[in-house]
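I have placed the structure first, in the form of structure tokens, so that the comments after it can refer back to it.
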Amino acid sequence: SLDNDFNISLFRGFLLFIPGLMEAQFRQPTEIQRQTIGFALQGKDVLGAAKTGSGKTLAFLIPVLECLYRQQWTAMDGLGALIISPTRELAYQTFEVLRKVGKNHDFSAGLIIGGKDLKNESEKIHRTNIIICTPGRLLQHMDETAAFHASDLHMLVLDEADRILDMGFADTINAIVENLPKTRQTLLFSATQTKSVKDLARLSLKDPEYVWVHEKAKFSTPATLEQNYVVCELHQKVNMLFSFIRSHLQKKVIVFFACCKEVQYLFRVFCRLRPGMPILALHGKQQQMKRVEVYNDFIKKKNAVLFATDIAARGLDFPAVNWVLQFDCPEDANTYIHRVGRTARYKEGGEALLVLLPSEEKNMLSQLQEKKVPINRIQVNPEKLTSVQQKLEAFLAQEKEQKERAQRCFVSYLRSVYLMKNKDVFDVFQLKLQEYAASLGLAVAPRVRFLNKAQKQRADPGQSSGQGDVAQYEEEKELKSFKAQLRGDRRRSEAQESQSSDEEDDEEEDEEKLQPGPKGLIFGADETEEDEDMRDLDLLTVKRKDVFTENEMAPLKCCDLTLCWSMPLALQMVQQWPPLQRTAVPATEGEEDDCTSGINVEEARERLRREDQEFDKLEYRRKVKEKHRVRLPRPRPRVECASKWALHIKFNNLLD
């Protein structure tokens, strides 16, 4: 009777699950669990769809464990169940839920994701009964690991199937499915039913049972979620974000951005601004262990802000999230639904705020209405906005690295807007670039080459049709690759991934080394204002060690075939480390006296603009000289000529 109708109020049918379910606070099955588990236990293929936060993870974990338990699956039987997730974070979360729920079972489970040691995984994968993985790493094991096979696979689960397809894993999934037995059982779950998901279901499922819990619901988002949007100019968004955080110090907030560079820059400057609560960052440029550490830290904190890209928008269950703030407009309505799904989970309350530009409002709202998303407009009180532009300008004037990060943030955001498919919502040519650059603390807007090229193409429409087709193909190709890169989900080779992640982690570790006290105190959640101010001054004082010795002798030996002498040079090496950047613009008279009382922001902005121009000229001259040097014939070295002359003299002496 349990298989035919799982319409009960408690999980009484699964005795081995009860301790783990009670420990994980799962006391009553949700609607998707009631309608799905019964079909799955009968051995039928299931296509399930439900709102975010409705309990889809448990809807497939319970059938997986119960079916393997009924068949008395052992370690000698090999792989019995395969669970594929779109992102590493979602796979890790599913693995942790499996450990809690199935702690009384004897099955072996493994987490197979990128960013880990491939050789270590290859040695253990053949002894694993349940594998939770990402598509790319699984296909890599199928191609390279000789001991891995899935010929006895009993159950396949595709979690967040629409996200897997959106990330460009369609070919990967098809290749994986071809290596699996035809007699398997398949469970496919998603928060939204798209055309691509239905196409995948036709290829992978046999006579499936369709379970769409909220198909006839009035709204596509949870009823306990309060949703609002605000229209804000681009140059006011950073000020609005800082003011929002300052007014919600006792809340748990997730802020979604469009690209990784934006998260990296704003995370660093907001830590310097010290809004009064912990700030964390989660994006695809981080090493895998760093991402797991940030994920666990945010779960444990009661009040914190998480700056994240869309890698945190799907499936991740962050408990007790009060607010979801979408700093940048989502790609489409489905992305919006998944982002706001990080709050108001399991019948709990939550609030969501969407920040839109005036050019994005009309068309984005029409998309949300089509998806049955109830959202209201609210106004921002200008009196409560705190401007941080001057502080950002001061930070960038003090640190060249911060200025470079701000420039990369500027260019990366414009590229993300330019590559969006829906041009009715995203029009990069309507953005006020100089004002946006100033809001990031930049004195001058960086040059955006691809944008200048696009403007020239718009101004000159008389191009041939062949060139237009090639340009369109290249743009679509760049769109697919770069959108995945912006979200941090681009599949890179292990060498590229480790290199970029190591560089990023090295930067973060260097920043942590500059901070006094225990690790994590940069956010200052439990300190007094005086301690924060003193530690902020300490943070700006970089302790450097002189790696050069002043009295070190530098002997120089010059020798050839006939003569050998030593010329000790009593020189002292005096050099500052790291070397300071030399200014290309001479200081004006009286400028030094004016700067004794602090930084003059207007003069600093003008000086930075002139220095950028001078450095561009010097760099251009250097490149021209380098090209000329390559073209000219290489002169014969003096040492070679001198040695030949010495041999000639010695030979003449022997003849005499």
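The values are calculated or read from the model by the stated rules, or taken from the named source; none is laboratory data. Note that this is a predicted model, so its numbers are computed, not measured. Virtual Cβ from ideal backbone geometry, glycine too; neighbours counted across all protein chains shown.
Would you check which residues across the range 328-337 are in a helix (DSSP H, G or I) and more than 12 Å from residue 51 (Cα to Cα) and list them? If you could, list the steps in order and put the result at the bottom.
Just the residues of the range 328-337 that are in a helix (DSSP H, G or I), to begin with: 333-337.
Passing the criteria: 333, 335, 336.
The lone criterion from (1) among the hydrophobic types (A, V, I, L, M, F, W, C); (2) farther than 30 Å from residue 384 by Cβ; (3) crowded, with 21+ Cβ neighbours inside 10 Å left unmet by residue 217 is number (3). Look at (1) closer than 20 Å to residue 407 by Cα; (2) modelled with pLDDT of 95 or more; (3) touching a Lys or Arg at 6+ places or on another chain (Cβ under 7 Å) and you find that residue 324 fails only one, number (1). Consider residue 422 carefully, then state whether it is of a type in the set (S, T, N, Q), free of Cβ contacts under 8 Å to residues at least 12 places away in the same chain and not assigned by TED's automatic domain parsing to the domain that holds residue 608. Answer is no for this residue. From the list 159, 117, which residue is within 25 Å of residue 200 (Cα to Cα), assigned by TED's automatic domain parsing to the domain that holds residue 201 and modelled with pLDDT under 95? Result of the check over 159, 117: 159.
Of all residues in the range 20-60, which are part of a loop (DSSP other than H, G, I, E, B) and in contact (Cβ under 8 Å) with a residue 60 or more places away in the chain?
Within the range 20-60, the subset part of a loop (DSSP other than H, G, I, E, B) is 24-30, 42-45, 50-55.
Within the range 20-60, 24, 26, 30, 43, 44, 45, 50, 51, 52, 53, 54, 55 qualify.
Against the condition modelled with pLDDT of 95 or more and either outside the structural domain of residue 49 (by TED's automatic domain parsing) or of a type in the set (Val, Ile, Thr) (or both), how does residue 177 come out, does it pass? Against the criterion (modelled with pLDDT of 95 or more and either outside the structural domain of residue 49 (by TED's automatic domain parsing) or of a type in the set (Val, Ile, Thr) (or both)), residue 177 does not qualify. Filtered by the rule that a residue be at pLDDT 90 or above and either over 14 Å from residue 78 (Cα atoms) or in contact with a Ser or Thr (Cβ under 8 Å, 6 or more places away or on another chain) (or both), the range 147-156 gives 148, 155, 156. The set of residues from the range 66-88 being surrounded by 20 or more Cβ atoms within 10 Å (Cβ to Cβ) and touching a strand residue (DSSP E or B) at 6+ places or on another chain (Cβ under 8 Å) comprises 68, 79, 80, 81, 82, 83, 84, 85.
Looking only at residues in the range 397-415 that are modelled with pLDDT of 95 or more and among the aliphatic types (A, V, I, L, M), the one that is farthest from residue 427 (Cα to Cα) is 406. Every test in (1) in a helix (DSSP H, G or I); (2) modelled with pLDDT of 90 or more is passed by residue 111 save one, and that test is (1).
So how many residues does the range 117-143 have that are touching a residue at least 12 places away in the same chain (Cβ under 8 Å) and within 22 Å of residue 74 (Cβ to Cβ)? It would help to see each step written out before you state the result.
Within the range 117-143, the subset touching a residue at least 12 places away in the same chain (Cβ under 8 Å) is 118, 121-122, 124-142.
Of the ones still in play, those that are also within 22 Å of residue 74 (Cβ to Cβ) are 121-122, 124-133, 141.
Of the residues in the range 117-143, 13 are touching a residue at least 12 places away in the same chain (Cβ under 8 Å) and within 22 Å of residue 74 (Cβ to Cβ).
Please work out if residue 13 is in a loop (DSSP other than H, G, I, E, B) and either closer than 29 Å to residue 320 by Cα or modelled with pLDDT of 90 or more (or both).
Values: in a loop (DSSP other than H, G, I, E, B): yes; either closer than 29 Å to residue 320 by Cα or modelled with pLDDT of 90 or more (or both): no.
For residue 13, the condition - in a loop (DSSP other than H, G, I, E, B) and either closer than 29 Å to residue 320 by Cα or modelled with pLDDT of 90 or more (or both) - is not met.
Within the range 308-337, residues that are surrounded by fewer than 19 Cβ atoms within 10 Å (Cβ to Cβ) reach partners that are basic (Lys, Arg) and not in a loop (DSSP other than H, G, I, E, B) with beta carbons closer than 6 Å, at six or more positions or on different chains, in the pairs 320/252; 322/252.
Scanning the range 338-377 for residues that are of a type in the set (D, E, K, R), surrounded by fewer than 17 Cβ atoms within 10 Å (Cβ to Cβ) and either assigned to a strand (DSSP E or B) or assigned by TED's automatic domain parsing to the domain that holds residue 53 (or both) yields a count of 1.
Quick grid of which residues meet (1) under 31 Å from the mean Cα position of the chain (by Cα); (2) assigned to a helix (DSSP H, G or I); (3) farther than 29 Å from residue 346 by Cβ:
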| position | (1), (2), (3) |
| --- | --- |
| 192 | yes, no, no |
| 196 | yes, yes, no |
| 203 | no, yes, yes |
| 230 | yes, no, no |
| 243 | yes, yes, yes |
